[in-house]
Each structure stands twice: as C-alpha cells, then as structure tokens.
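K.L.:
This structure is in structure tokens; I'll ask about it shortly.
The values are calculated or read from the model by the stated rules, or taken from the named source; none is laboratory data. For clarity, every value in this text was computed on a predicted model and none was experimentally measured. Quick reminder, even Gly has a Cβ in these numbers, built from the backbone with ideal geometry, and neighbours come from all protein chains shown.
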Amino acid sequence: MGISKKLTEAIEKFVGNIDPNTKKGRKRVAILSAASQMFATSGYRGTSMDELAKQIGVAKGTLYLYFPKKIDLLFACAAYEKLEWVPQLTAILEGPEPAADRLKQWIIAGMLLVSRSPLMLRLLEDNEMAGLFAECPPELLDDGRDLSKDLLQPLLDEVAGRHRWSAVELRDRINVIQSLYYLAPVLRQDFAHPGTSAERYAAILADMVVDGLRPRPARKENHPHENVTSLRS
C-alpha cells in the first residue's frame, strides 16, 4: 500500500465517508468544515450543536446521525484538518533525498503545518480541549502509533547505519519526533524567537534533533596494563 493511501485511510477512520460523489459524503464534509471553524474559534464548550445545525441548514437530529456525540465530531474535525497535509508529507517520505534530510523535512513540515492549522492550534493551546482526547477510542490511538512507526522506522533505520535500534530506542525516538509538534504554538509567538522566522526555527530544531538521533560510537576501553604503561611513560 502506498504512503498516501496509508495516511488517508488512517485519517478516514476518524472522519468517515467524505466521498464527494455521494450525498452523504458531501453532507459530512459540510458538517466537518463548519464544525472545524466553530471549534477553532469558540472551543468545545462554546460550540453549540443547535447553532451548528442552523449554520449548515439541517435538523439537529441529522448531525447526530452522522456524529452520535459532540466529542466524536471534534475527533473527526481534527482528523479532517490533517487530510490537507497528506500530499506534502507523502512527497517528503517518497523523496530521493537521504533519510536524514527527509526526516528533517518531516519535522519541519509537521511543525509548520500544525502552526498553520486553526483547530490543531486550539487543541494544543486549550487545556480543556486537549484533555478531551483522553476519551479517544484506544484502538484509534494505537492505529496512529502503529502508523507513525511504519512511516518513520525506515528513515530511522537508514539514519542509524549499521546500528540496529532496540524496540525501546525506536519507540523513544519516534515519541521525541512526534512530541515536537506540541511546540507548534511557539512558532506563532515572535517574542519567543525574536529575529528568527518560524521556518528557520523549525529547521534549526530539526537539525539538532536528527543529528542527535544517530547512535553514539561505543567508547573504547583501555586495557588496565595500557593505563599503567601510559602513566609510567
């Protein structure tokens, strides 16, 4: 399965059918588009299903046919926003550059895409909304972690050279890379990096992280007799 299809299918598990060739698909897109904007501007509590239904021009009951709970709609909106990222992320992963360069591009793109996505930013900055993701179905979170491993492990393996990551080493490095996206709000705060553009900030951070991922060479331990000899000389 191609990378683009993997990413799209993983996201659509949250989103549901958005096929523009079907009436239900078009209706779901209309709901997601309006709800994403409302969640981003008004937050979770400030988003009213009654107001959303009026804005779209449907009965409130219709909303619940597509999304049984408001929190389900929030999860779907967050995933829907990420669909726009798929072409850029796919191009990076399938590019001809060395793995280290593609991994840096992945980090830069991820941080910049999040910083330019209104709902994702709100989720990172609003403690109440971020806390709601504890209610996300565990199987969907597991799918997301598995996908991250599938996409990033080939790059990490190439960066490592002859070293073979243990399961813990691999998990920890993927966690570090994924957690960098929580810094996305910083990119929008000029006072946090005066004189440094958001793009430059992300690029420097990516350089530091990826260059630091490479396993350190094992220290050569001197034989005790060699130490004695060197001390006497």
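K.L.:
Got at least one residue in the stretch 131-147 being assigned by TED's automatic domain parsing to the domain that holds GLN88 and farther than 28 Å from LYS70 by Cβ?
P.N.:
Scanning the stretch 131-147, I find no residue that is assigned by TED's automatic domain parsing to the domain that holds GLN88 and farther than 28 Å from LYS70 by Cβ, so the answer is no.
K.L.:
Give the number of residues within the stretch 1-20 that are of a type outside the set (A, V, I, L, M, F, W, C) and either modelled with pLDDT of 95 or more or part of a helix (DSSP H, G or I) (or both).
P.N.:
Qualifying residue count, the stretch 1-20: 7.
K.L.:
Mind listing just one residue for me: the one in the stretch 71-87 that is surrounded by fewer than 19 Cβ atoms within 10 Å (Cβ to Cβ) and over 13 Å from the mean Cα position of the chain (by Cα) and, of those, farthest from THR8 (Cα to Cα)?
P.N.:
This residue is ILE71.
K.L.:
While we're looking at this one, here's another question. From the list LEU213, LEU187, LEU170, which residue is at pLDDT below 90 and crowded, with 16+ Cβ neighbours inside 10 Å?
P.N.:
Of LEU213, LEU187, LEU170, the one residue that is at pLDDT below 90 and crowded, with 16+ Cβ neighbours inside 10 Å is LEU213.
K.L.:
Please determine, by comparing only the residues of the stretch 31-70 that are of a type in the set (Phe, Trp, Tyr) and assigned to a helix (DSSP H, G or I), which one is surrounded by the fewest Cβ atoms within 10 Å (Cβ to Cβ).
P.N.:
Of all residues in the stretch 31-70, those of a type in the set (Phe, Trp, Tyr) come to 39, 44, 64, 66-67.
Cutting the leftovers down to assigned to a helix (DSSP H, G or I) gives us 39, 64, 66.
Details: PHE39: 25, TYR64: 15, TYR66: 18.
Here the answer is TYR64.
K.L.:
Cβ contacts < 6 Å: first residue in a helix (DSSP H, G or I), restricted to the stretch 77-95; second residue of a type in the set (Lys, Arg), any location; separation 6+ or different chain. Result?
P.N.:
ILE92/ARG102
K.L.:
Something else about it: Of these, GLN37, GLN55, which one is under 29 Å from LYS5 (Cβ atoms) and outside the structural domain of TYR181 (by TED's automatic domain parsing)?
P.N.:
Working: GLN55 fails: under 29 Å from LYS5 (Cβ atoms).
On inspection, the qualifying residue turns out to be GLN37.
K.L.:
Only one of these conditions is not met by ILE108: (1) more than 16 Å from the chain's Cα centre (by Cα); (2) buried (at least 19 other Cβ atoms within 10 Å of the Cβ). Which number is it?
P.N.:
Among (1) more than 16 Å from the chain's Cα centre (by Cα); (2) buried (at least 19 other Cβ atoms within 10 Å of the Cβ), the lone unmet condition for ILE108 is (1).
K.L.:
Still on this structure, I have one more. On the given criteria, is SER115 in contact with a Lys or Arg (Cβ under 8 Å, 6 or more places away or on another chain) and of a type in the set (Ser, Thr, Tyr)?
P.N.:
Criteria met by SER115.
K.L.:
Report the residue count in the stretch 115-129 for those that are in contact with a Leu (Cβ under 7 Å, 6 or more places away or on another chain) and closer than 23 Å to MET208 by Cβ.
P.N.:
Matching residues across the stretch 115-129 total 1.
K.L.:
Output the residues belonging to the stretch 150-162 that are at pLDDT 90 or above and of a type outside the set (A, V, I, L, M).
P.N.:
ASP150, GLN153, PRO154, ASP157, GLU158 - these are the residues of the stretch 150-162 that are at pLDDT 90 or above and of a type outside the set (A, V, I, L, M).
K.L.:
Could you check, for the stretch 192-207, whether at least one of its residues is within 28 Å of ILE11 (Cα to Cα), in contact with a Phe, Trp or Tyr (Cβ under 8 Å, 6 or more places away or on another chain), assigned by TED's automatic domain parsing to the domain that holds LEU89 and at pLDDT below 95?
P.N.:
no
K.L.:
LYS6 passes all but one of (1) under 22 Å from GLU135 (Cα atoms); (2) surrounded by 15 or more Cβ atoms within 10 Å (Cβ to Cβ); which number fails?
P.N.:
(1)
K.L.:
Another question about this same structure. Taking the condition of being modelled with pLDDT under 80 and of a type in the set (D, E, K, R), how many residues in the stretch 111-141 meet it?
P.N.:
Within the stretch 111-141, residues that are modelled with pLDDT under 80 and of a type in the set (D, E, K, R) number 1.
K.L.:
Shifting gears a bit: Output the residues belonging to the stretch 150-187 that are of a type in the set (Ser, Thr, Tyr) and either over 22 Å from ALA202 (Cα atoms) or in contact (Cβ under 8 Å) with a residue 40 or more places away in the chain (or both).
P.N.:
Listed by number, the residues that qualify are SER166, TYR181, TYR182.
K.L.:
To continue, here is another question. Please work out if ASP146 is surrounded by fewer than 12 Cβ atoms within 10 Å (Cβ to Cβ), in a helix (DSSP H, G or I) and modelled with pLDDT of 90 or more.
P.N.:
On the way: surrounded by fewer than 12 Cβ atoms within 10 Å (Cβ to Cβ): yes; in a helix (DSSP H, G or I): yes; modelled with pLDDT of 90 or more: no.
Considered against the rule, which asks whether it is surrounded by fewer than 12 Cβ atoms within 10 Å (Cβ to Cβ), in a helix (DSSP H, G or I) and modelled with pLDDT of 90 or more, ASP146 comes out as no.
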